[in-house]
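Below is one structure, written out as structure tokens, with a few remarks after it.
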Amino acid sequence: MALQEHLGCARSLLDVGSGGGFPGIPLAVSNTDIRTTLVERNQKKCSFLRHVVMTLKLRNVDVVNADIRDIEEELNQFDVISARAVASPDQVWRWCRGMLAEHGRLLLQTASSYDGKLHDAIVESHLSSGVGWINVVQRNVS
């Protein structure tokens with residue numbers, strides 16, 4: 001739920017590498033007005049995610065069993081994309097920047113604040129209310 005304060009007026013959320021469902025499932029439960037897409041490449045984890053979605057009767061959630069790099073052209077534009085322990089920030093940015101809506105933001109959960117540079121992006125690091133840091137990445141439009 002540490003990402004909650006960074007959702008703003010989002011209407012769509014993509015959780016990359018959803019794994020056991022964090023943070024995608026809790027965010028979908030508490031934000032039923034946000035269309036949530038969980039992408040996970042591991043089939044067993046996707047089966048678990050589908051079970052959770054059915055058990056909780058989450059009508060705002062889609063589960064996609066694929067590697068994000070293979071389906072980026074098939075996905076719509078998202079207001080918010082979240083990623084936790086998937087890859088380095090620069091890799092996640094390269095994979096996801098094309099899927100962000102015009103003023104969308106990528107929320108990267110990391111163990112430490114990200115002080116590197118990302119091509120064509122602005123990064124703001126925030127100490128999480130949970131564990132670690134939330135790095136908010138947006139396109140540099142200047």
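Some notes on this structure:
- Among the trypsin sites (Lys or Arg not before Pro) within region 59-142, those in coil by DSSP and having at most 13 neighbouring Cβ atoms inside 10 Å are R59, K117.
- For the chain, share of DSSP beta bridges that run antiparallel, in % to the nearest 5: 40 percent
- Student exercise, region 54-117 dipole from Lys, Arg, Asp, Glu Cβ charges, in Debye to nearest 20: 280 debye
- Helix-derived mean residue ellipticity, 222 nm - over the chain, DSSP H n ≥ 4, -39500 (n - 2.57), to 500: -6000 deg cm²/dmol
- Ordering L75, S129, L49 by the projection of their Cα atoms onto the charge dipole of region 21-142, which places +1 on the Cβ of Lys and Arg and -1 on the Cβ of Asp and Glu, puts L49 at the extreme positive end.
- GluC sites (Glu not before Pro), loop per DSSP, at most 13 other Cβ atoms within 10 Å - longest free stretch of the chain: 1-72
- Matching label, Rg/Rh (Cα atoms, Kirkwood Rh) computed from the structure shown, candidates (i) 0.94; (ii) 1.04; (iii) 1.07: (i)
We did not get these values from a lab; they are worked out from the coordinates using the rules stated. The shown structure was predicted, so the numbers you read here are calculated from the model rather than taken from an experiment. Glycine also receives a Cβ, built like all others from the backbone with ideal geometry; neighbour counts cover every protein chain displayed.
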